[in-house]
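The values are calculated or read from the model by the stated rules, or taken from the named source; none is laboratory data. Predicted model, so just to flag it, every value in this text is computed and none were measured. Cβ placement follows ideal geometry from the backbone for every residue including glycine, while neighbour counts extend to all protein chains displayed.
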Amino acid sequence: AHAAIEKGCDVLLMDDGFQAVALARDENILLIDATNPFGNGYLVPRGILRETLHAMKRATEIILTRCDQAPENLEDIHQTLQQYAPEIPIRQTQHKPLSLLRVCDGSEVPLSLLQDTSIRVICGIGNPDAFMHTLEKLGTDIVESHSLPDHGSIPHELLHASIPVVMTEKDAIRISSSCSSEVYALTIALESYG
């Protein structure tokens, strides 16, 4: 951060830093996945929470993600947020697929490539089921899926198939551009929901 500031950077974004309370910040944005907002209610390692729900009151804004995939949960989530962080503004969002990027050369490919197409999915994120759901809504036929640990390494042999291989952008940045021309990253934007 200091090196970036010395080069003229005036905005610093830190991913996954809500619980790093020693760091000063102007905004403290908390993202909550509506498909699994509070896990089983326990802290890591017993559950998925890194802090108790009381910590939500430190947020300057709460963004609910994937609301389109869990509309039946929204009322309960809002009740919990009102209980623990009644003053914090809440924004509901959904992940909107935009296009595919061919990983080997970065070229953009239309989403229509996935329509009625059999694919292999590789996913090394915290909520692989939500990513699979997004792909299914695009009309794909997931014939093979590989859910890896969050930030897990991707075995080279999974990147070669006779069918398109689709992954998240987060996963794609960790592989070499020398992979097959049939390896794609699904680009997604966060947009308002409801």
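Among the residues of region 43-70, write down those that are part of a loop (DSSP other than H, G, I, E, B), surrounded by 12 or more Cβ atoms within 10 Å (Cβ to Cβ) and either modelled with pLDDT of 95 or more or out of contact with any Leu (no Cβ under 8 Å at 6 or more places or on another chain) (or both). Show your work before the answer.
First, pick out the residues of region 43-70 that are part of a loop (DSSP other than H, G, I, E, B): 44-48, 50-52, 59-60, 66, 70.
Those left that are additionally surrounded by 12 or more Cβ atoms within 10 Å (Cβ to Cβ): 47-48, 51, 59-60, 66, 70.
Hits for region 43-70 are 47, 48, 59, 60, 66, 70.
Per-residue answers, yes or no, for (1) surrounded by 12 or more Cβ atoms within 10 Å (Cβ to Cβ); (2) among the polar types (S, T, N, Q); (3) touching a residue at least 40 places away in the same chain (Cβ under 8 Å):
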| position | (1), (2), (3) |
| --- | --- |
| 35 | yes, yes, yes |
| 39 | yes, no, no |
| 72 | no, no, no |
| 85 | yes, no, no |
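Going by what's in this entry, would residue 19 be described as at pLDDT 90 or above and farther than 18 Å from residue 86 by Cβ?
On the way: at pLDDT 90 or above: no; farther than 18 Å from residue 86 by Cβ: yes.
Here the answer is no, as residue 19 does not meet what is asked.
Out of all the residues in region 74-91, which are out of contact with any Cys (no Cβ under 7 Å at 6 or more places or on another chain) and either among the small types (Gly, Ala, Ser) or in a helix (DSSP H, G or I) (or both)? It would help to see each step written out before you state the result.
First, the residues of region 74-91 that are out of contact with any Cys (no Cβ under 7 Å at 6 or more places or on another chain): 75-91.
Within region 74-91, 75, 76, 77, 78, 79, 80, 81, 82, 83, 84, 85 qualify.
Look through region 171-194, keep the residues that are β-branched (Val, Ile, Thr) and not in a loop (DSSP other than H, G, I, E, B), and return whichever of them is nearest to residue 104 (Cα to Cα).
So in region 171-194, the residues β-branched (Val, Ile, Thr) come out as 173, 175, 183, 187-188.
Checking which are not in a loop (DSSP other than H, G, I, E, B) leaves us with 183, 187-188.
Details: 183: 7, 187: 15, 188: 19 Å.
Among those that are β-branched (Val, Ile, Thr) and not in a loop (DSSP other than H, G, I, E, B), it is 183.
Would you say residue 10 is closer than 28 Å to residue 139 by Cβ and either acidic (Asp, Glu) or part of a helix (DSSP H, G or I) (or both)? Steps first, please.
On the way: closer than 28 Å to residue 139 by Cβ: no; either acidic (Asp, Glu) or part of a helix (DSSP H, G or I) (or both): yes.
No.
Checking residue 26 against (1) among the acidic types (Asp, Glu); (2) buried (at least 16 other Cβ atoms within 10 Å of the Cβ); (3) outside any helix (DSSP H, G or I): exactly one of these is not met. Which one?
Among (1) among the acidic types (Asp, Glu); (2) buried (at least 16 other Cβ atoms within 10 Å of the Cβ); (3) outside any helix (DSSP H, G or I), the lone unmet condition for residue 26 is (2).
Being touching an Asp or Glu at 6+ places or on another chain (Cβ under 9 Å) and of a type in the set (D, E, K, R) is the filter here; which residues of region 100-130 pass it?
Within region 100-130, 102, 116, 120 qualify.
If you scan region 137-176, which residues turn out to be of a type in the set (Gly, Ala, Ser) and touching a Ser or Thr at 6+ places or on another chain (Cβ under 9 Å)? Explain how you work it out, then say what you get.
The initial filter retains those residues of region 137-176 that are of a type in the set (Gly, Ala, Ser), namely 139, 145, 147, 152-153, 161-162, 172, 176.
Once the filter is applied, which keeps residues that are of a type in the set (Gly, Ala, Ser) and touching a Ser or Thr at 6+ places or on another chain (Cβ under 9 Å), region 137-176 yields 139, 161.
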